[in-house]
Structure formats: structure tokens, C-alpha cells
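Worksheet: the structure to be examined is printed underneath.
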Amino acid sequence: MRVSTPLADRFGRIATDLRVSLTDRCNLRCHYCMPAEGLEWLPREEVLTDDEVVRLVRIAVEELGVTEVRFTGGEPLLRKGLVDIVRRTKALSPSPEVSLTTNGLGLAHVADALADAGLDRVNVSLDTVRRDTFAEITRRDRLDDVIHGLDAAQQAGLTPVKVNAVLMRGVNDEQAPELLGWCLERGYQLRIIEQMPLDAQGEWRRDDMVTADEILASLASAYSLEVSPTPRGSAPAQEYVVDGGPATVGVIASVTRPFCGDCDRVRLTADGQIRNCLFAREESDLRAPLRSGADDVEIAERWVKAMWVKRAGHGIDDESFLQPTRPMSAIGG
Ligand code: SAM
Ligand code: SF4
């Protein structure tokens, strides 16, 4: 079988960008994501093996038209088989774009091996360049490791290196221009993400969220910004040209300016569940059929069905909105 069926939904969208969570575990405890004590991790036997991950990714790429694969988590660098999974993914035919979203801890040690395995790019999450603020947000004093990881990624050619930041009111929201300046000096592309209701503690409040308008006003206090002329397509970030260019900064306004109509994503959790949306309340299990001998055609058909029922939008602003039961760290951001 060859790309028989694209991952289409009832609203005409086609998913070509697969986010694969390799673990729900993490070595940081970012406030907007997890409580201080961490979470109850998935039992090991429920987590897909490396071979199972690669098989599902192969079906997605070779049969279902997926062209981009991003590995995430939890913290994907905690997954022992990561380099091998990347190598086997890149070797698929047609070879997909392969990227990684990471907190950067330990990246300095594996950036070369990842590049050698065929990884194309990394996104490193960094919300501040101040040590005390970093420790406050992540509850760990590890800023230097992240900075070394970023540097190693760039040296290894995992470019463009992107930096993802979330702003927390009263904590780092006034540091946005400083973070942008730091990224510009190093050639990293900063993207600031509105905080979403995906924290495990359910503490997110719309009123506390730093909005895209506020983010832009803060950046504009130090830089001139113009909407990038490059078409946005299905990218979640609206890019702005900084001080006449060529550098840009992105703002991901998932809450105040949702881009659900252009969404081309599908997610696979570490325990083998398909989520057709970050905010989906239902999942489709691929692990059970995988482990009970289903062939590729059956798995592909289940995947196609799971995508067909994707909702039109996340509805965060609807009164009926319910936060998904899985937090961001277990879905794969
Ligand atoms: N541990 C890796 C990392 O931090 O990059 C990968 C997983 S993390 C869940 C992926 C991205 O989600 C990170 O950039 C993080 O900042 C973002 N994130 C986590 N919780 C979020 C929330 N409540 N709202 C918006 N973004 C969030
Ligand atoms: Fe870990 Fe990433 Fe969540 Fe921070 S955002 S706690 S680094 S999974």
C-alpha cells in the first residue's frame, strides 16, 4: 500500500504534520505545565517501544501522507532510543522533515549525534535568560545547560534554531524584549506562545494569560515590528520582521487568534493514542491493535477514522470549553 488516503477531516483540512511524544517524563517542572511534585508517569509497559514508534511513524509517512515529524514529550531527550528513532524516521521513503522540541537539558551532549542521524531542526524552550527567573519558572537551576544546548545545536547545524517562550504575568512578561535581544545576537528565532489551558494542575486563568497584543506591545517598546510578508500557511506563529529585518520574531496566539482553520497537525502520544487536536477530549487507541497483530492497512484505517472526526476548533473561548484530561506534558506540545 502507498499513500492511499490522506488524513483528512470533515472541514477540508489535511494533516501532514505529525507530533510524536516519546515520553511523558520530564526533568523540569515548568509552572505552566506541571506541579512541583511532577505527575504520575505512564507505566513503562504502556509506553510504545522504539520499534512500535517507528512502525507507526512509517505508516503515517508512507501510507498517510505525513511529510513532517516532530519528536516531543515530556522531555524527548530522556528517551534512550531517540537518536536511533530519528535515524530510522529520516530513512523512510519519502524522507520526512524531522525536528525536535526540547527543553535543551543534555542537548549539548547529543546535538552532533542527532544531526548525524538526520535531524533537521530543533526548537528549544527558554522563557528567560535570567538565572533566578529561570529557576522560578522551571523550579530547577539549569539555565546554563539550556544555553550550552542551544549553542551545540547551532554548531551542529540544526538550524534555524528556534526558541519557544511562554510568558507568565508578573514573572517574565517584562523580559520579552531582553529575550528577543539575546536571541537576535545569537541568530536564534524567538517565538512567544500564549499560555494555554493545558497545565496539569488546571490553574490556567484567561485573565492571567499574557495575550498576543500584550506580547507585541512589550516587544514594540524596544523594537520596530512589521507583519512578515511571507505567507503564514499552516504555521501557528505569525511572524514579524524586527527592525527592518532580516531577523523575525513569531507570536503564537493560540487562544486570542486561533488558527484551527489552517491546522495540519496530528498527535501520537507516548502510549500510542492518536489525538486529532491538542484540545481533543477523545483519543483513538493504536497501541492495542498494534500489539494484537493488526496489519498496516488496519492501523492506517483506524488513523484515518480518528482524523475524520476532528472538531472545527478548540473552543477555548466557549462557555462549554473543557480542559482535556491529559496535560500538555503527556500529549506532546
Ligand atoms: N519538554 C519539551 C519542551 O519544553 O520543549 C517538550 C514538551 S513541552 C510540553 C512543548 C512546549 O509546550 C514547550 O515549548 C512549552 O513551553 C510549551 N508549553 C507547555 N505548557 C504550556 C502551556 N500551558 N501553554 C503554552 N505552551 C506550553
Ligand atoms: Fe517539561 Fe517541557 Fe513541561 Fe517544562 S514545558 S515541564 S520542560 S515538558
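Per-structure values
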{"item": "Fully extended contour minus Cα-Cα distance, from residue 224 to residue 319, at 0.36 nm per residue", "result": "30.5 nm"}
{"item": "Most fluctuating residue given options 298, 62, 239, as computed from a GNM of the chain linking Cα atoms under 10 Å", "result": "298"}
{"item": "Nearby aspartates and glutamates by direct alpha-carbon distance to residue 80 (threshold 15 angstrom, same-chain neighbours under 8 apart not counted)", "result": "24, 50, 51, 52"}
{"item": "The chain: angle of helix 176-186 to the longest principal axis, Cα-based, in degrees nearest 10", "result": "80"}
{"item": "Portion, in percent, of the accessible area of the chain that falls on carbon or sulfur, probe 1.4 Å", "result": "49"}
{"item": "The chain - charge dipole about Cα centre, Lys and Arg +1 at Cβ, Asp and Glu -1, debye rounded to 20", "result": "620"}
{"item": "Most positive-pole-ward Cα, 252, 273, 114, against dipole of the chain from beta carbon charges", "result": "273"}
{"item": "Low-density loop positions, chymotrypsin sites (Phe, Trp or Tyr not before Pro), the stretch 1-48 - DSSP coil, at most 13 other Cβ in 10 Å", "result": "11"}
{"item": "Gyration tensor (Cα) of the chain, equivalent ellipsoid semi-axes in angstrom", "result": "30, 22, 20"}
{"item": "Charge-dipole axis of the stretch 17-331 as Lys and Arg at +1 and Asp and Glu at -1 on Cβ define it, positive-most pick from 303, 21, 314", "result": "303"}
{"item": "Average accessible area per residue (Å²) across the stretch 17-331 - probe 1.4 Å, nucleic acids and ligands excluded", "result": "42"}
{"item": "Computed [θ] at 222 nm, deg cm²/dmol, the chain (DSSP H ≥ 4; -39,500 (n - 2.57); rounded to nearest 500)", "result": "-8500 deg cm²/dmol"}
{"item": "Restricting the stretch 6-108 to trypsin sites (Lys or Arg not before Pro) in coil, as DSSP defines it, with at most 16 other Cβ within 10 Å", "result": "10, 80"}
{"item": "Under 14 Å, Cβ to Cβ, from residue 175 - net charge with Lys/Arg +1 and Asp/Glu -1", "result": "-4"}
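The values are calculated or read from the model by the stated rules, or taken from the named source; none is laboratory data. On a predicted model such as this, the values are computed, not experimentally measured, just so you know. Because the Cβ atoms are built from the backbone with ideal geometry, glycine has one as well, and the counts that use them run over all protein chains shown. Just the protein is used for accessible areas: all its heavy atoms, side chains included, with ligands, DNA and RNA removed. Shrake-Rupley method; radii C 1.70, N 1.55, O 1.52, S 1.80 Å.
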